[in-house]
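**Q** For reference, the structure I am asking about is given below.
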Amino acid sequence: MPVSLSFAEAAERSQSAPTGKAIAVVDVDYAPVNALPVQGWYDLADTVRAAGRDPEVRCVVLTAAGRGFNAGVDIKEMQRDSGHAALIGANRGCAAAFAAVYECEVPVVAAVQGFCLGGGIGLVGNADAIVASDDATFGLPELDRGALGAATHLARLVPQHLMRALYYTSRTVTAAELHAHGSVWKVVPRDELRACAVQLASEIARKDGSLLRLAKAALNGIDPVDVRRSYRFEQGFTFEANLSGVADRVRSTFGAPQQEAR
C-alpha cells in the first residue's frame, strides 16, 4: 500500500503506557519521488486521522520510503488533466492532509530524509516535532511549478524574512540549518533516522495518554496563526494563477532545462 499504518515498539515503556500500539507509524511510499496524486493526499489524511483516533496511540511517526520524504503534488497528473479537476483535487487533498497532521489528536513526529519539497513542507510544518537525516533538504519550489502555497508552513520553520527569501528564490535549506533555527529536533545519519524518530516518540508516549491529547489541543489553541485558514487563503492565489494561464505557462517547463527568466 502506498500509505500504510503500522506500530513501532517503544524504545522505553512506562507502566502506564499501553503495550504494542503506543506509537503508530504512518509510512508513505509513492515511487519514485513521493510526489502524491490527489487520492494519495486523501489516503494520507485518513490514515493519520485514524491513527490519532485510536485510544491506545500516544504518538504518530510520519515517515516515507525511498529517496526523499515528499516531492509535493504529482505535477504530471495535473498536466494530463485538460480542466481544473486535478488542481481542485490537489488543493483540497493537500489541505486535508496538512490539517490531519495538525489536528491529529496526539503529537506527530515527522522523520525526514532526502528532499522535503512543496507539500512536504506543509506536512512537516504542521507536525509537532521533526527529526531529519543529515542529507535532508527543505524548500518550496512553488514559483517554479506554477503554484503558490505552504508559506504558512515554511513560516513555522524559519524566521519571516528568511521564509520570504526562500519562497521567492525557490532555494532549499539543509536539516542542519533548520536545526540551528530550532525547528528540527535532531539531525542524524539516514540509517539512524527511524530509530531517532521512534526514540522521541517513545519519550512522548511515556506521558499519560489523556493528558497528551489535552496538551495537543491546548497548544493548537494558542497558535498565533490559524494554519488551516491561512493555507486556504494562499491556495486561492494558486487557482487565480491557473485561471489566468500563468500556471500552465510555468508548468509547461517542468522537467525541461532551466532557461533565463524573462
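**Q** Of all residues in the stretch 1-60, which are at pLDDT 95 or above, among the polar types (S, T, N, Q) and either surrounded by fewer than 17 Cβ atoms within 10 Å (Cβ to Cβ) or not in a loop (DSSP other than H, G, I, E, B) (or both)?
**A** Hits for the stretch 1-60 are S4, S6, Q39, T47.
**Q** Out of all the residues in the stretch 128-141, is one or more part of a helix (DSSP H, G or I), touching a residue at least 40 places away in the same chain (Cβ under 8 Å) and open to solvent by 10 Å² or more (accessible area, probe 1.4 Å)?
**A** Looking through the stretch 128-141, none of the residues is part of a helix (DSSP H, G or I), touching a residue at least 40 places away in the same chain (Cβ under 8 Å) and open to solvent by 10 Å² or more (accessible area, probe 1.4 Å).
**Q** Further, regarding this structure: Wholly within the stretch 147-262, which helices (runs of 4 or more DSSP H) include no fewer than the required count, namely at least 3 residues that are small (G, A, S) and out of contact with any His (no Cβ under 6 Å at 6 or more places or on another chain)?
**A** 175-181, 193-205, 209-221, 227-244
**Q** Do you know which residues across the stretch 147-156 are open to solvent by 10 Å² or more (accessible area, probe 1.4 Å) and either touching a Lys or Arg at 6+ places or on another chain (Cβ under 8 Å) or not hydroxyl-bearing (S, T, Y) (or both)?
**A** Listed by number, the residues that qualify are A147, L148, A151, A155, R156.
**Q** Say we look at the stretch 44-60 and pick out the residues that are under 17 Å from A10 (Cα atoms) and of a type in the set (D, E, K, R); which of these is farthest from the chain's Cα centre (by Cα)?
**A** Applying the filter and picking the extreme gives E56.
**Q** Filter the stretch 83-98 down to residues that are surrounded by fewer than 24 Cβ atoms within 10 Å (Cβ to Cβ) and at pLDDT 95 or above and give me whichever is farthest from the chain's Cα centre (by Cα).
**A** R92
**Q** Which one of the conditions (1) closer than 30 Å to K21 by Cβ; (2) modelled with pLDDT under 95 does R145 fail to meet, given that it meets all the rest?
**A** So R145 meets the others, but not (1).
**Q** Also, I was wondering about something else. Run down V101, V106 and say which single residue is touching a strand residue (DSSP E or B) at 6+ places or on another chain (Cβ under 9 Å), open to solvent by less than 10 Å² (accessible area, probe 1.4 Å) and assigned to a loop (DSSP other than H, G, I, E, B).
**A** V106
**Q** Take Q79 and decide whether it is farther than 24 Å from A201 by Cα, touching a Phe, Trp or Tyr at 6+ places or on another chain (Cβ under 9 Å) and open to solvent by 50 Å² or more (accessible area, probe 1.4 Å).
**A** yes
**Q** While we're here: So R171 passes all but one of these: (1) crowded, with 18+ Cβ neighbours inside 10 Å; (2) touching a strand residue (DSSP E or B) at 6+ places or on another chain (Cβ under 7 Å). Which condition number does it fail?
**A** Among (1) crowded, with 18+ Cβ neighbours inside 10 Å; (2) touching a strand residue (DSSP E or B) at 6+ places or on another chain (Cβ under 7 Å), the lone unmet condition for R171 is (1).
**Q** Quick check on A71: is it under 16 Å from S6 (Cβ atoms), buried (at least 22 other Cβ atoms within 10 Å of the Cβ) and at pLDDT 95 or above?
**A** Taking the combined requirement at face value, the residue does not satisfy it.
**Q** Can you tell me which residues in the stretch 148-169 are modelled with pLDDT of 95 or more and within 16 Å of A35 (Cβ to Cβ)?
**A** A150, the sole residue that qualifies.
**Q** Could you count how many residues in the stretch 61-98 are touching an Asp or Glu at 6+ places or on another chain (Cβ under 8 Å) and part of a loop (DSSP other than H, G, I, E, B)?
**A** Counting residues in the stretch 61-98 that are touching an Asp or Glu at 6+ places or on another chain (Cβ under 8 Å) and part of a loop (DSSP other than H, G, I, E, B) gives 2.
**Q** Here is a further query. Can you give me the number of residues within the stretch 211-262 that are modelled with pLDDT under 90, aliphatic (A, V, I, L, M) and more than 19 Å from D81 (Cα to Cα)?
**A** 2
**Q** Can you pull out every residue in the stretch 188-207 that is in contact with a helix residue (DSSP H, G or I) (Cβ under 9 Å, 6 or more places away or on another chain) and open to solvent by 50 Å² or more (accessible area, probe 1.4 Å)?
**A** Matches in the stretch 188-207: K207 only.
The values are calculated or read from the model by the stated rules, or taken from the named source; none is laboratory data. Keep in mind it's a predicted model, so treat the numbers as computed, not measured. Glycine also receives a Cβ, built like all others from the backbone with ideal geometry; neighbour counts cover every protein chain displayed. Just so you know, the surface numbers come from the protein's heavy atoms only, side chains and all, with ligands and any DNA or RNA stripped out. Shrake-Rupley method; radii C 1.70, N 1.55, O 1.52, S 1.80 Å.
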